[in-house]
Amino acid sequence: MPELPEVETTRRGILPHIKNHSVKQVVVRNRQLRWPIPASLAKQLENEKILDVERRGKYLLLITARGSIIIHLGMSGSLRITDSKTPAEKHDHLDIVFSNGNILRYRDPRKFGCVLWTGKDPGQHKLLKKLGPEPLSDDFNADYFVHACAGRKQAIKQLVMNSQIVPGVGNIYANEALFMAGIHPKRAAGKISAARLDKLVQAIKQVLARAITQGGTTLRDFTQAEGQPGYFAQELQVYGRAGQACPNCQQTIRQTVLGQRSAFYCAHCQK
DNA sequence: AGTGCGGCCTGTCCGC
DNA sequence: TGCGGACAGGCCGCAC
């Protein structure tokens, strides 16, 4: 489900409700996610205060003085702020209950996500250590990206979706950014000019930033921490629009499979 | 080192 | 209505 804008929207939504609040109780209903929720989580969090909520790529980090909770929402995960009057539903695997009565509730029907604990710098955790530079930071720039693409035979879309190159860009925004930059998703990354890669870098930044201001993209079930949908879906140019007219040239948008994922593109506008 | 996939799991939708 | 199959916002870990 969630790509960087949805994760960032979630971060902003939960932050004011849990920052500087202490954990009263941890309720695990099902620890069998992609990796098991550690049995020690409750003990580690007991009476700990959440000092901040950070994001790295698609990972959320709940920072305490003793360590950090690492959360990934996988394909279908979500976090909600709720309270004890709201009963947990089928796929609500974890509650973090705060002393002020707020509950941070983790739901993930497909269980592709994870909730982990690290006592060290979370940036050194195996899952975060190899992530590329944050796409909205200055470290993600044309120089970096041209270097990262040099000599690569892989399709550019697959590199854009590779978290070691640039984290946070999933299938929706990869398709949209390539359309904005006028680059065909199957073009070999190493054979694209620096000027066009620069354009792609700018497109990635632009589409992510715009989606964040719109509260993310709601396709099926994504909602913000308090239940509102995201409004970026209405701005999608190619994703999910196979058979429809390209907004730029009116030719038919095509769909193909690339690296086991759907690619949407306009063969006239993207070369 | 780079590349390509299998697999993890549930829900929904489509065609028959 | 029921059923099988395809597909879905991710990505690790393995084989080559």
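Derivation of every value follows stated rules applied to the coordinates shown; laboratory data play no part. In this text, all values refer to a predicted model and were calculated from it rather than measured experimentally. Here Cβ is always computed from backbone atoms with ideal geometry, including for glycine, and neighbour counts include all displayed protein chains.
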Legend entry - Rough spin-label spacing in nm, given labels placed 7 Å along Cα→Cβ, for residue A:150 and residue A:164: 1.8
Inset, instruction - Could you tell me the number of lysine pairs in the range A:142-265 with C-alpha atoms less than 16 Å from each other, where the two lysines are 8 or more residues apart or belong to different chains? - result: 7
Inset, instruction - Would you calculate a helix-derived [θ] at 222 nm for chain A, using -39,500 (n - 2.57) for each DSSP H run of n ≥ 4 and dividing by the full residue count, to the nearest 500? - result: -7500 deg cm²/dmol
Legend entry - Spin-label pair residue A:110/residue A:198, simplified geometry with 7 Å Cα→Cβ offset, distance in nm: 3.7
Inset, instruction - Evaluate the relative contact order of chain A (contact order divided by residue number), counting alpha-carbon pairs under 8 angstrom at least 6 apart; express in whole percent. - result: 18
Legend entry - Paramagnetic reach from residue A:66 (point 7 Å along Cα→Cβ, amide N under 12 Å) across the range A:93-119: A:118-119
